Amino acid sequence: MSYENILVDFQNGISTLTINRPSKLNALNKATIQELHDALDAANKDANTKVIILTGSGEKAFVAGADISEFAHFDVSNGGKLAAKGQELLFDFVENLSTPVIAAVNGFALGGGLELAMACHFRLASDNAKMGLPETSLGVIPGYGGTQRLPQLVGKGRAMEMIMTAGMIDANQAQAYGLVNHITSPEELLSLAEKIAGKIMRNSSVAIKGAIKAVNANFKDSVDGYQVEIEEFGNCFGTEDFTEGTTAFLEKRKADFPGK
Ligand code: COA
């Protein structure tokens, strides 16, 4: 499938989705959110895709936020619907995908851009990246999960300061905060993401799916994460991957997981 605002590239088990509105610093308009949903859904359903990498086109931005021109005239009801729809279609959707999603943050990740990166399973950044939730400078609050995921990742006090000041932090600060796992040069960002994807792909995709579900359960109200872990752990024992993984270990060879 081809998209207007996204580029999709598939190679060696990795689907790389590039948000492609560089003239608007890849700002997330309604159409881009829908296309991202569709492309992520397709990649997640594709048995050959073992890891998804999400990045932005151009040298300047991952995503500079939700498209301000689309909501500047909204009223209370439209504002609420915008947040609800976006969270359902994209931000909660990414977080709960069973295929690992790595955000390769290649510049500005502001507002909805940082919220998108935070919804991914983990983040890498180029050394020119700048991150922040500037919504209060526009008279709104983060609406795509930022008030929830930022404190989860960096702690409440740091999140409060970032949201209240509407300021930006650089890649080093983001790494010190635990917001990004690794920093590299812009030129090497995608190859670093691919290298990490390669390590992920050596392992059981079925076990990784269960692990994502169990880790996410820790952050869901009214879900007992330990119980989810017990169930997912138990389920592994009925998979071909488990048979292959344990047999390969005992036979002193590398596992060749069927992904079932
Ligand atoms: N929504 C809509 N358009 C956006 C946008 C956004 N979030 N962020 C950038 N753009 C557009 C600009 O309007 C400009 O379009 P134009 O050339 O048609 O005027 C283009 O992208 C380039 O941005 P510009 O502001 O000229 O680049 P800059 O290098 O001077 O500044 C930023 C970069 C990221 C600091 C600045 O664009 C910015 O503050 N963006 C908004 C960030 C924000 O508040 N995000 C949260 C939204 S909830």
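Worth pointing out:
- Test set (1) open to solvent by 10 Å² or more (accessible area, probe 1.4 Å); (2) within 15 Å of the ligand (Cβ to nearest atom); (3) closer than 22 Å to Ile212 by Cβ - Leu114 fails condition number: (1)
- Single match in Gly107, Gly139, Gly178 (criterion: touching a strand residue (DSSP E or B) at 6+ places or on another chain (Cβ under 6 Å) and either of a type outside the set (D, E, K, R) or assigned by TED's automatic domain parsing to the domain that holds Ser15 (or both)): Gly107
- When the residues of the stretch 117-130 are filtered to those that are in a strand (DSSP E or B) and over 24 Å from Glu88 (Cβ atoms), the one that is farthest from the ligand (Cβ to nearest atom) is Leu124.
- Residue within the stretch 205-226 that is free of Cβ contacts under 8 Å to residues at least 24 places away in the same chain, open to solvent by less than 80 Å² (accessible area, probe 1.4 Å), not in a helix (DSSP H, G or I) and not assigned by TED's automatic domain parsing to the domain that holds Ala66 present: yes
- The single condition among (1) of a type outside the set (Phe, Trp, Tyr); (2) touching a His at 6+ places or on another chain (Cβ under 8 Å); (3) within 16 Å of the ligand (Cβ to nearest atom) that Leu89 does not meet is (3).
- Unique residue being open to solvent by less than 10 Å² (accessible area, probe 1.4 Å) and farther than 27 Å from Gly210 by Cα when the list is Ser77, Ser126: Ser126
Yes or no, residue by residue, for (1) within 15 Å of the chain's Cα centre (by Cα); (2) open to solvent by 10 Å² or more (accessible area, probe 1.4 Å):
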position	(1), (2)
Ala42	no, yes
Val51	yes, no
Phe91	yes, no
Ser98	yes, yes
Ala104	yes, no
Ala109	yes, no
Ser137	no, yes
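- Count of the stretch 227-245 residues which are of a type in the set (Asp, Glu) and buried (at least 17 other Cβ atoms within 10 Å of the Cβ): 4
- Test: residue in the stretch 89-107 that is more than 23 Å from Ile212 (Cα to Cα), of a type in the set (A, V, I, L, M, F, W, C) and either part of a strand (DSSP E or B) or in contact (Cβ under 8 Å) with a residue 60 or more places away in the chain (or both): no
- The single residue among Ser69, Ser77 that is assigned to a helix (DSSP H, G or I), within 10 Å of the ligand (Cβ to nearest atom) and farther than 28 Å from Thr184 by Cβ turns out to be Ser69.
- One residue from Leu40, Leu25, Leu7, Leu17 being of a type in the set (A, V, I, L, M) and touching a Lys or Arg at 6+ places or on another chain (Cβ under 8 Å): Leu25
- For beta carbons closer than 6 Å, sequence separation of 6+ or different chains, a first residue in the stretch 65-80 that is more than 13 Å from Lys30 (Cβ to Cβ) and a second that is within 12 Å of the ligand (Cβ to nearest atom) and not in a helix (DSSP H, G or I), the qualifying pairs are Gly65/Ala27; Gly65/Leu110; Gly65/Gly111.
- Hits in the stretch 183-200 (condition: part of a helix (DSSP H, G or I) and open to solvent by less than 70 Å² (accessible area, probe 1.4 Å)): Pro186, Leu189, Leu190, Ser191, Leu192, Ala193, Ile196, Ala197, Gly198, Ile200
- Selection count where residues are open to solvent by less than 20 Å² (accessible area, probe 1.4 Å) and either within 16 Å of the ligand (Cβ to nearest atom) or outside the structural domain of Ile52 (by TED's automatic domain parsing) (or both), scope the stretch 9-28: 4
The values are calculated or read from the model by the stated rules, or taken from the named source; none is laboratory data. Remember, it's a predicted structure, so these values are computed and weren't measured experimentally. Cβ coordinates were reconstructed from backbone atoms using ideal geometry, including for glycine residues, and neighbour counts include every protein chain displayed. With ligands, DNA and RNA removed, areas are computed over all heavy atoms of the protein, side chains included. Shrake-Rupley method; radii C 1.70, N 1.55, O 1.52, S 1.80 Å.
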